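No value in this document is a laboratory result; all are computed from the given coordinates. Model, not experiment: these values are computed from the prediction. Here the Cβ is made from the backbone with ideal geometry for all residues, glycine too, and neighbour counts use every protein chain on show.
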């Protein structure tokens, strides 16, 4: 009968509405699953996290909003350079200091996406790994530079490096609170390192960096990276990353 069909239709509508209301409430309590919810550094990783973080590389306004929500200084610097070496997204890297980590040499400048990557990596991966493996926090990170107007490999041909636009950083070493230094050059090879724990730590933080950076290259990639971990935020579709 017609009235029975109407009742069934109304029941279906009511069930759909209840499901939508429940889903909306659940997403409000679990923003890490909501593609529309702003990303935070403490959000658990889910299937949408990689896409949210990839969006930072394409939209500096979204990136700066994440840093501000995290209490990290956002002060844009004037653009520098021209053509392939135009650095129009430039800021002093502030996330290490926010997490009580000294970045040396001081005054390093890079893109907002690099700063956001460092924040997430140091906070979620590097410090927990250091505390678990050594019982100490990392207090200093040593780097080899961020901006360098050159092509990949330093030749006259080929693709431009992410360093050309200040969209990368090369990490050379970590220093623990007690003074121990963990060097990519000296400690990557387990046979040469004074402790296998240092080599294990370097590989662990290399692997974990792949969630926060678009490209991660280590001594396992080639000899040119024997003394550092190359981390960059290259723009790629679908949020995929290169991790070697």
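Highest average first, the peptides 121-130, 192-201 ordered by how many other beta carbon atoms sit within 10 Å of their residues are 121-130, 192-201. Placing a pseudo-label 7 Å from each Cα along the Cα-to-Cβ vector at residue 159 and residue 86 gives an inter-label distance of 2.0 nm.
Which one, 217, 93, 176, has the greatest fluctuation when you compute a Gaussian network model over the chain with C-alpha springs under 10 angstrom? So, out of 217, 93, 176, the one fluctuating most is 176.
If you take the beta carbon distance between residue 224 and residue 37 as r and set R0 to 45 Å, what does 1/(1 + (r/R0)^6) give as a FRET efficiency, to the nearest 0.05?
On the way: r = 40 Å, r/R0 = 0.89.
It comes out at approximately 0.65.
Sketch the reach of a paramagnetic label on residue 132 as a point 7 Å from Cα along Cα-to-Cβ, and name the residues of region 202-244 whose backbone nitrogen lies under 15 Å away. Those under the cut-off are 202-211. Across 187, 220, 170, mean-square fluctuation computed from a Gaussian network of the chain (C-alpha pairs under 10 Å connected) peaks at 220. In units of the compact-protein estimate 2.2 N^0.38 Å, the chain shows a Cα radius of gyration of 1.24.
Considering helices alone, the calculated mean residue ellipticity of the chain at 222 nm is -11000 deg cm²/dmol, with DSSP H runs of length four and up weighted by -39500 (n - 2.57) and normalised per residue.
Within 10 Å, count the other beta carbons around each residue, average over each peptide in 202-212, 159-169, and list them highest first. List each step's numbers first, then the result.
On the way: 202-212: 19.8, 159-169: 22.5.
Listed from highest to lowest mean packing, they are 159-169, 202-212.
Compared with the alpha-carbon gap, the fully stretched path from residue 191 to residue 76 is longer by 37.0 nm at 0.36 nm per residue. Based on Cα contacts under 8 Å between residues 6+ apart, the chain shows a relative contact order of 14 percent.
Each label was represented as a point 7 Å from its Cα along the Cα-to-Cβ direction; for residue 59 and residue 97 these points are 2.9 nm apart.
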